[in-house]
1. In what sequence, highest mean first, do 209-217, 84-92 appear when ranked by Cβ atoms within 10 angstrom?
2. Can you give me the P(r) profile for the chain? Cα pairs, bins 10 angstrom wide beginning at 0, each as a whole percent.
3. May I ask which residue of VAL202, GLY187, THR215 lies farthest towards the positive end of the charge dipole of segment 174-225, with charges of +1 (Lys, Arg) and -1 (Asp, Glu) on Cβ and the Cα centre as origin?
4. Under 12 Å from the Cβ of LEU22, count the other residues' Cβ atoms, weight Lys and Arg +1, Asp and Glu -1, and hand me the total.
5. Give me Rg/Rg_expected for segment 98-225, where Rg uses Cα atoms only and Rg_expected = 2.2 N^0.38 Å with N residues.
6. Roughly how many debye, to the nearest 20, is the charge dipole of segment 130-228 about its Cα centre, given +1 on each Lys and Arg Cβ, -1 on each Asp and Glu Cβ, and no other charges?
7. Calculate for the chain the 222 nm mean residue ellipticity that helices alone would give, adding -39,500 (n - 2.57) per DSSP H run of length 4 or more and normalising by residue count, nearest 500 deg cm²/dmol.
8. Report, in debye and to the nearest 20, how large the dipole of the chain comes out about its Cα centre when Lys and Arg carry +1 and Asp and Glu carry -1 on their Cβ.
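Here, each number is a calculation from the coordinates, and none is a lab measurement. Keep in mind that what you see is a predicted model, and the values were worked out from it rather than measured. Neighbour counts are summed over all protein chains in view; Cβ atoms, including those assigned to glycine, are modelled from backbone coordinates with ideal geometry.
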Amino acid sequence: MQLLSCTNHILKINKKSNIRNLQARNYSVVPLSSHLGMIQWVTNATAMFYLYKKWQQRKYAKEFKKNNMIRGPIRKNWPINIQRNAFLELRHETPKDLIAKEFWTSSSSPTVWWEKTNSYSRSLAVMSIIGYIIGLGDRHLDNILIDFDTGEVIHIDYNVCFEKGKKLCVPETVPFRLTQNLQNALGVYGIEGPFRIACENVLSVLRSNKEILMTILEAFIYDPLVDW
C-alpha cells in the first residue's frame, strides 16, 4: 500500500494527471508478523466474481434442480482438450456486458452513468499500469473489486508480484487483465478513449519518477516480513 500511496502523490503533483483525477483506490494494511496482519475493510466494493455468479445462478439454478444434475469429475482432472473446449463454450455463453449493465442499472440518470463510466475508465487504467509495473498476477475475479457508486476499481491480494505469476503451473503472460467484460464497460470509446489516454499519462509520469519508485521497491528485497 506504500507503493500505491507514493504513486498517488506522484500523480497528484503532475498537472496532467491531477486534472484527470488519476488516483489508485487503496486501503490500509498493518503487518503484525510474517503470517498475520490487519486489513482495512473496503466499503461499497463488489467482486467481479459476484456478478458472474449472480448471472450463473439466475440462468442455471432452475435447470440444475429440474434435471436433478449432480457434480461431475473435478475440473483439474479433465484432459486439456476438454478444459479448452469448456472454456471456449463458456466464454461464448457468458454475457460480455455484466459490468456495463451494473453501471447502468445503478445510475439514477445518464449523467451519473457517464460520470461513473469515466471514473471507471481512469481507475482501471491506473491500476492496470501499476499492476504492470510491479508484475502483479493472480488477477482472478475475486481479486478485482468495483465500487459501483463511484466507478473505482480496487485490487486486493498482492501476494503474486514481480512476475511471480510466470512461475505458476499455468504461467500468466498478460501484463494485466483486460477481458471482454472490463472492456465493454469503458463506454462508447472503448479502450481508445479515456482509458488509453490515462494509461499513457500514468506510464509517462511514473517513468519520469522511476527513482522514487525504485527506492520503495528495493525495500522489498530486504523486508524480512515478505517472501516473494
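1. Output ranking for 209-217, 84-92: 209-217, 84-92.
2. For the chain, the binned pair fractions read 7, 27, 34, 21, 9, 2, 0 percent.
3. About the Cα centre, the residue reaching furthest to the positive side is GLY187.
4. Once all neighbours under 12 Å are counted, the net charge is +4.
5. 1.15
6. 360 debye
7. -16000 deg cm²/dmol
8. My answer is approximately 760 debye.
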